[in-house]
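Structure first, then comments.
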Amino acid sequence: MVFLWPTFLWLLLALPVLVLLYAWLLRRRKAVALHYPGLGLVRSAMGTRSRWRRHVPPLLFLLGLAALLVAAARPLAVLSLPSQQQTIMLAMDVSGSMRAADVLPDRLTAAQNAAKAFIADLPRHVRVGIVAFAGSAQLAQLPTQSHEDLTQAIDSFQLQRGTATGNGILLSLATLFPDAGIDISALGGRQAMARSQSIDEVGRSLQQRGNGGGTAAPRPAPVAPGSYTSAAIIMLTDGQRTTGVDPLEAAQWAADRGVRVYTVGVGTVAGETIGFEGWSMRVRLDEDTLKAVALRTNAEYFHAATAADLKKVYETLSSRLTVEKKETEISALLALAGAACMVLAAILSVWWFGRVM
């Protein structure tokens, strides 16, 4: 705990003075009782229960005063509070490699089940959007609070060829920032964004297309990575990028806007050979790139080798995105506690002794 006004803590030195004053008053009363034997008989008749009762109100008053003095110093503490996240974009890989059965019953089904369970556990005020990507990226569901619509979108996934992880990130960003000049339809249906194109070139070309070929809108000034607290992206994939935008460049685009991109790698790191529509291919999890994407956006990378692991990953992400630890001023809480102690001290004193201490 730290304090904004620590000099006010010197006021706590008044508490020992009050304790000494209280002890002096008790001794003074005892001396008076010795001069008047009748008072001693009354005290004996009151019993030990009444003796300890008389100390309770002063003790509560002292605790309340201490809480108020600490509150005056404006303390800061790290508390777990509801997150400000309002929108979460799920970017999910639907490439042919997701049919692999190393994650039972297969990678795609396990990912669908885990995603639906994740959505079901989110607070209703959080909107979720879904992007499906393979050789290109498509917006499967605009951000919505309807869990039913999200479930239908997830169940409608169809496997396709290719893995354009960068496109999935960019389309998620375009959905979060519709005025940024990123053409969603072009991202979803066009593979002309070659690997050699930089993210700035992609942004300029799409902005120009959206502006009818005119001058592109200026790119906004970068902000601190992870500083945008109103939205986040979760990207789930099981393979290496084979086409589309470089995911690291797409991650930089997200980092410049302060959006965190949490990455989830599904399947084995070594990979395996699978067949799809007459094709045979070797799929390998590109953990290095996924870790770099998460690191660049101030987020985290998770690996899920089994369906149980994937479920745990989404449970962890749910806790990350709905609750966050913040340094918060707790002066009001301490002031409320202090006032409550003082009021309780007064009530008990009147109830037991017919006077306010």
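The stretch between residue 179 and residue 8 holds 56.7 nm of extra length on full extension. This uses 0.36 nm per residue minus the Cα-Cα distance.
Across the stretch 110-165, C-alpha contacts under 8 Å between residues 6 or more apart give a mean separation that, scaled by the residue count, equals a relative contact order of 36 percent. Excluding residue 118 itself, what net charge comes from residues whose Cβ is under 10 Å from its Cβ, given Lys and Arg +1 and Asp and Glu -1? Local charge sum for residue 118: 0. Label point of residue 329 set 7 angstrom out along Cα-Cβ; within the stretch 7-25, amide nitrogens under 16 Å from it belong to 7-9. Extending 7 Å from the Cα toward the beta-carbon at both residue 20 and residue 54 defines two label points whose distance is 2.3 nm. Taking packing as the residue-averaged number of other Cβ atoms within 10 angstrom, the listed peptides 101-108, 8-15, 344-351, 260-267 run from highest to lowest as 260-267, 101-108, 344-351, 8-15.
Under the convention that each Lys and Arg Cβ holds +1 and each Asp and Glu Cβ holds -1, the size of the dipole of the stretch 69-174 around its Cα centre is about 280 debye. Of the peptides 52-58, 249-255, the ranking by mean beta-carbon count within 10 Å, highest at the top, reads 249-255, 52-58.
Each value in this text was obtained by applying a stated rule to the coordinates, not by laboratory testing. Since we're looking at a predicted model, the values are computed, not measured. Virtual Cβ from ideal backbone geometry, glycine too; neighbours counted across all protein chains shown.
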